[in-house]
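One structure is given below, encoded as structure tokens.
The values are calculated or read from the model by the stated rules, or taken from the named source; none is laboratory data. Here the structure is a predicted model, which means the values were calculated and not measured. Counting neighbours? That spans all protein chains shown, and the Cβs are built from the backbone with ideal geometry, glycine included. Calculation scope for accessible area: heavy atoms of the full protein, side chains included, ligands and nucleic acids excluded. Shrake-Rupley method; radii C 1.70, N 1.55, O 1.52, S 1.80 Å.
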Amino acid sequence: MCNTNKHRNRTDCCDCCSVSCRTTTSSSGRVMENDKQVSAVKLQTRWSRPGVCGLDNAGNSCYLNVVLQCLCSTVPLVEHLLNQDTRRELAKSKCRFAEVFVRLLEEMWLGRSSCCAPLEVRSVLFSILPQFNNYSQQDAQELLLFLLNALHDDLKKMRSSVRQEHNRNCATDFTIVSHLFEGQLNYMTLCMQCDHQAHSKQTFTVLSLPLPTDIIKCSIQDCLSLFFEQTILTGGEQMLCSVCGQRRETAVVTSLDKPPEILLLHLKRFGCKGKNQVKLRTNVVFSTKLDLTPFLSSSAQNSSCSSYHLYAVVNHIGHLNMGHYTALCHNAPAQVWHCFDDSIVKEVRDSVVQSPNAYMLLYSCKPFQKPKIHGL
């Protein structure tokens, strides 16, 4: 279960607050006046922080909150969904999940509160995904995939409605979700007997990276190298060679054929050691910039998406069955990082972003700027 405290609020531990609530005068009138000034400053501070909004914990829902914070910080997704035309089409198409998600984004970006409760999103999402409808700790990475799929399906439904209404010839499978988050891997298989080569493609949304074993510290490049390293299929894993007509030992070379606009990296910290499930505590060192050039296929060498910029980190603290999720997200309008611990939010230095508890890393091909949102 998650380590939560329903009585916490932002001002309990947020050391980035610019005012102090303490007073030293004995005059009750002076105290009331100071309190009003403090409240006014706090209210003004909330207004000046679009996209910075804590989320209440509804009972072990920290895994949902960090996923929502990361998506709230994905500027091109927010821009598209808060576009007035998109909102009108969603309302006509009756896309229930997309509608409530957009309402939450609007509250987080244009609302006047420093914290809100994502109860509507939780209710609709869990009606679609009943496996998450409990108070147990869940995997944030799994939920992110399911959530993106649900959003993609609703947006496909909307595009289909638009096509029928206006007789437009547009691909209904293409949405802002697939545009931003989908990449493509290339698998080259080589028969070790006759050197016959074959190629296949696979679309992905998240790259789940293995961690080096038996070491305390490694780099994100080490994890990527492990993912993309050549493997040899032997024994029962041998592949059928179309030239030999028999199963042969096969070399498999993986490369990145189409880098996505938004790169989601999942560090595989949870695994098995013998019969026991364990959490790997390897400290993975990463930077705010990531170069994928060594892992690109020959056809993708000139891709515009080879260098990435970090904009969100999901941390997991604790054990396999008892832990807590927090998120670190870069706010595009203010160009600063914030730590989101459910309803508690505080501004942090860039140096705090690096953490041995990192579980997911979100990178963008282009650095985000202030989103173009009506009313912002």
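Can you put Tyr135, Tyr308 in order of accessible area, largest first, using a 1.4 Å probe? It would help to have the intermediate numbers written out before the result.
Numbers: Tyr135 150, Tyr308 0 Å².
Sorted by accessible area, descending: Tyr135, Tyr308.
Hey, which lysines would be in cross-link range of Lys289, C-alpha to C-alpha under 26 Å, not counting anything within fewer than 8 residues on its own chain?
Qualifying lysines at Cα under 26 Å: Lys217, Lys258, Lys268, Lys346, Lys366, Lys370, Lys372.
Which value, in Å² rounded to 10, gives the accessible area of Met239 with a 1.4 Å probe and all protein chains present?
Met239 exposes around 70 Å² with every protein chain in place.
Out of the total accessible area of region 58-216 (probe 1.4 Å, heavy atoms of protein only), what percent is carbon and sulfur?
46
How high is the FRET efficiency between Phe174 and Ser200 when r is their beta carbon distance and R₀ equals 22 Å, given to the nearest 0.05? Please list the in-between numbers first.
Numbers: r = 22 Å, r/R0 = 1.00.
With R0 = 22 Å, the Cβ-Cβ based efficiency is 0.50.
Quick one: net charge of Asn134's neighbours, Cβ under 15 Å, K/R +1, D/E -1?
Result for the local shell: -1.
Add +1 for every Lys or Arg and -1 for every Asp or Glu among the other residues with Cβ under 13 Å from the Cβ of Gln277, and state the total.
+4
Would you work out which of Cys305, Ala251, Cys329 lies farthest towards the positive end of the dipole of region 220-376, given +1 charges on the beta-carbon of Lys and Arg and -1 on that of Asp and Glu, about the Cα centre?
Of the candidates, Cys329 comes out farthest on the positive side.
Could you give the length gained on full extension between Ile215 and Val243, defined as 0.36 nm per residue of separation minus the Cα-Cα distance, in nm?
On the way: separation 28, 0.36 × 28 = 10.08 nm, distance 4.20 nm.
So the extension gain works out to 5.9 nm.
Say each of Asp85 and Ile232 gets a label point 7 Å from the Cα, pointing the same way as Cα to Cβ; how far apart are those two points in nm?
Going by the 7 Å Cα→Cβ label model, 5.6 nm.
What is the gain in length, in nm to one decimal, between Ser307 and Phe270 on full extension, counting 0.36 nm per residue of separation less the C-alpha to C-alpha distance?
So the extension gain works out to 10.5 nm.
Compute the distance in nm between two label points, each set 7 Å from the Cα along the Cα-to-Cβ direction, one at Thr189 and one at Gln369.
4.6
In sequence order, what are the phi-derived ³J(HN,Hα) couplings for region 366-376 according to the Karplus relation 6.51 cos²θ - 1.76 cosθ + 1.60 with θ = phi - 60°, rounded to whole Hz, with x for glycine and proline?
10, x, 6, 10, 4, x, 8, 10, 4, x, 8
Going by the alpha-carbon gyration tensor, a ≥ b ≥ c the square roots of its eigenvalues, is region 286-376 rounded (a/c under 1.5) or, if a/c is not under 1.5, prolate (a/b greater than b/c) versus oblate?
oblate
With each pseudo-label sitting 7 Å past Cα toward Cβ, what's the Val336-Ser225 distance in nm, one decimal?
3.8
Using a Cα-Cα cut-off of under 20 Å, which lysines could be cross-linked to Lys92, ignoring same-chain neighbours fewer than 8 residues away?
Correct list for Lys92: Lys156, Lys157.
Based on the alpha carbon coordinates of region 138-263, what radius of gyration and maximum Cα-Cα distance (Dmax) apply, in Å?
That works out to 19.6, 59 Å for Rg and Dmax.
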